[in-house]
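A short worksheet on the structure shown next.
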Amino acid sequence: MYRFLLSRQWVILTLVGLVLIPVMIKLGFWQLHRHEHKVAQNTLIADNLAARPVPVTELTAPGRTLPRHDMWRTVTATGTYDTAHEVVVRQRTAADEQSIGYYVLTPLALADGKDVLVNRGWISAGNDLTKFPDIPAAPRGKVTVTGRIMADETTAASGIKDTKGLPPRQIMLINSENMAKRLARPVLGGYIEQTGPGQTGGRPELVPEPDHDSIGPHMAYAIQWWLFAAAVPVGWIILVRRERRDRAQAAEKESAEASEVPGEPADDTTDRTTDDTADRTADAGDRVARTAAATE
């Protein structure tokens with residue numbers, strides 16, 4: 001009855017289904033883990049943004065890799081901007097996430113002889129990417145900067161290629177170690193993403209607070225993959241039952257055709273019998289007529 005399952009076509013179909021089920025289940029768990037990671041990150045960002053501000057030197061030091069649990073903490077730093085070593089970071093988007101331009105990165109010299117990098121915000125790239133852009137001047141004298149502490153950018157973590165041979169004072173990644181080589185003095189690990197004080201005239205445009213409300217579609221994708229995995233055996237059963245039904249109907253049709261007796265149709269036999277009866281009746285009428293004539 002189900003011998004057709006041993007055919008090459010059905011064996012391949014069954015094996016494909018058996019492979020797809022665990023793959024889809026695994027993809028579902030992958031999306032689930034991404035959802036959980038996003039939720040955990042949102043919680044971390046919200047908690048760190050709400051934490052009280054601390055001096056930047058409490059969280060980082062020269063050559064130190066900022067731990068993930070300290071990212072987005074609000075820090076303060078007091079010093080003097082070193083505009084002579086100011087650089088711009090290429091290929092960065094504005095708050096609208098569409099306009100491409102530069103981040104303005106300025107070292108802030110602290111009282112203890114160390115520097116900390118400050119991302120003062122975003123400016124438009126302009127038309128000539130080979131020249132250093134016109135940057136709003138940083139405040140002179142001693143200033144106190146407030147902002148979010150961020151980890152050094154690397155190609156591995158950000159996916160941004162550290163392109164060489166760029167125009168003067170232009171970089172691709174914000175990295176304290178690279179800047180320490182430029183400055184020839186110690187630089188605190190990570191950098192400050194400035195939130196205050198506000199910029200004169202709104203330039204540079206301060207980097208907006210990271211989104212910590214959206215969780216993305218990962219949970220929906222996980223459920224979809226698991227539904228797909230459940231649909232595979234259901235679909236296989238439906239196909240098997242349909243194939244069995246079609247084969248049974250085909251077998252019944254062949255059996256019915258084989259049981260028919262060859263010969264003339266029944267209607268022809270009836271017609272011949274009717275014709276013979278009519279002929280005999282006509283002969284009997286002729287004999288009666290001849291007998292009556294002889295008697296007269």
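What do you reckon, is Pro55 free of Cβ contacts under 8 Å to residues at least 24 places away in the same chain, in the same structural domain as Gly147 (by TED's automatic domain parsing) and not aliphatic (A, V, I, L, M)? Outline the logic, then answer.
Working: free of Cβ contacts under 8 Å to residues at least 24 places away in the same chain: yes; in the same structural domain as Gly147 (by TED's automatic domain parsing): yes; not aliphatic (A, V, I, L, M): yes.
It is true that Pro55 is free of Cβ contacts under 8 Å to residues at least 24 places away in the same chain, in the same structural domain as Gly147 (by TED's automatic domain parsing) and not aliphatic (A, V, I, L, M).
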Which numbered condition Glu243 misses (of (1) at pLDDT 60 or above; (2) exposed (fewer than 11 other Cβ atoms within 10 Å of the Cβ); (3) part of a helix (DSSP H, G or I))
(2)
Taking the residues in segment 1-15 that are within 18 Å of Ala231 (Cα to Cα) and in contact with a helix residue (DSSP H, G or I) (Cβ under 9 Å, 6 or more places away or on another chain) as candidates, determine which candidate is surrounded by the most Cβ atoms within 10 Å (Cβ to Cβ).
Trp10
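From the residues in segment 74-104 that are in a strand (DSSP E or B) and of a type in the set (A, V, I, L, M), which one is surrounded by the fewest Cβ atoms within 10 Å (Cβ to Cβ)? Spell out the reasoning first.
So in segment 74-104, the residues in a strand (DSSP E or B) come out as 74-81, 87-93, 100-104.
Right, trim to of a type in the set (A, V, I, L, M) and you get 75, 77, 87-89, 100, 104.
Working: Val75: 23, Ala77: 22, Val87: 23, Val88: 23, Val89: 19, Ile100: 13, Val104: 25.
Among those residues, the one meeting the criterion is Ile100.
Go through segment 164-175 and give me each residue that's of a type outside the set (D, E, K, R) and in contact (Cβ under 8 Å) with a residue 24 or more places away in the chain. Break it down into steps so the answer makes sense when it comes.
Step one: filter segment 164-175 for residues of a type outside the set (D, E, K, R), giving 165-168, 170-175.
Of everything in segment 164-175, those that are of a type outside the set (D, E, K, R) and in contact (Cβ under 8 Å) with a residue 24 or more places away in the chain turn out to be Leu166, Pro167, Pro168, Gln170, Ile171, Met172, Leu173, Ile174.
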Tell me which residues, restricted to segment 176-210, are part of a loop (DSSP other than H, G, I, E, B), within 18 Å of Arg73 (Cα to Cα) and touching a residue at least 60 places away in the same chain (Cβ under 8 Å).
Gly189, Gly190, Leu206, Val207, Pro208, Glu209, Pro210
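State yes or no: is Lys164 more than 35 Å from the chain's Cα centre (by Cα), of a type outside the set (A, V, I, L, M) and at negative phi? Give the steps one after another, and end with the answer.
Working: more than 35 Å from the chain's Cα centre (by Cα): no; of a type outside the set (A, V, I, L, M): yes; at negative phi: yes.
Considered against the rule, which asks whether it is more than 35 Å from the chain's Cα centre (by Cα), of a type outside the set (A, V, I, L, M) and at negative phi, Lys164 comes out as no.
In this structure, does Pro107 turn out to be in a loop (DSSP other than H, G, I, E, B), closer than 18 Å to Gln199 by Cα, of a type outside the set (Phe, Trp, Tyr) and in contact (Cβ under 8 Å) with a residue 24 or more places away in the chain?
On the way: in a loop (DSSP other than H, G, I, E, B): no; closer than 18 Å to Gln199 by Cα: yes; of a type outside the set (Phe, Trp, Tyr): yes; in contact (Cβ under 8 Å) with a residue 24 or more places away in the chain: yes.
Considered against the rule, which asks whether it is in a loop (DSSP other than H, G, I, E, B), closer than 18 Å to Gln199 by Cα, of a type outside the set (Phe, Trp, Tyr) and in contact (Cβ under 8 Å) with a residue 24 or more places away in the chain, Pro107 comes out as no.
Suppose we filter segment 110-135 for residues that are surrounded by 15 or more Cβ atoms within 10 Å (Cβ to Cβ) and outside any strand (DSSP E or B); how many remain?
From segment 110-135, those surrounded by 15 or more Cβ atoms within 10 Å (Cβ to Cβ) are 110, 114-125, 133, 135; that's our starting set.
Going one step further and asking which of them are outside any strand (DSSP E or B), we end up with 114, 125, 133, 135.
Counting residues in segment 110-135 that are surrounded by 15 or more Cβ atoms within 10 Å (Cβ to Cβ) and outside any strand (DSSP E or B) gives 4.
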Give me the pairs: first residue in segment 236-250 and among the small types (Gly, Ala, Ser), second residue in a helix (DSSP H, G or I) and exposed (fewer than 11 other Cβ atoms within 10 Å of the Cβ), beta-carbon distance under 8 Å, and six or more apart or on different chains, which are they?
none
Starting from residues that are surrounded by fewer than 16 Cβ atoms within 10 Å (Cβ to Cβ), out of contact with any Leu (no Cβ under 7 Å at 6 or more places or on another chain) and hydrophobic (A, V, I, L, M, F, W, C), keep the ones in segment 30-70 and report whichever is farthest from Ala109 (Cα to Cα).
Trp30
Could you list, in sequence order, all residues of segment 134-167 that are touching a Lys or Arg at 6+ places or on another chain (Cβ under 9 Å) and more than 28 Å from Leu49 (Cα to Cα)?
Ile135, Thr163, Leu166, Pro167
So which pairs qualify, if the first residue must be in segment 16-35 and in contact (Cβ under 8 Å) with a residue 24 or more places away in the chain, the second must be of a type in the set (Ser, Thr, Tyr), the Cβ gap must be under 6 Å, and the two must be at least 6 apart or on different chains?
Gln31/Tyr221
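The values are calculated or read from the model by the stated rules, or taken from the named source; none is laboratory data. Computed from a prediction, not measured in an experiment: that's the story for all the values here. Note that we place each Cβ from the backbone using ideal geometry, even for glycine, and neighbour counts take in every protein chain shown.
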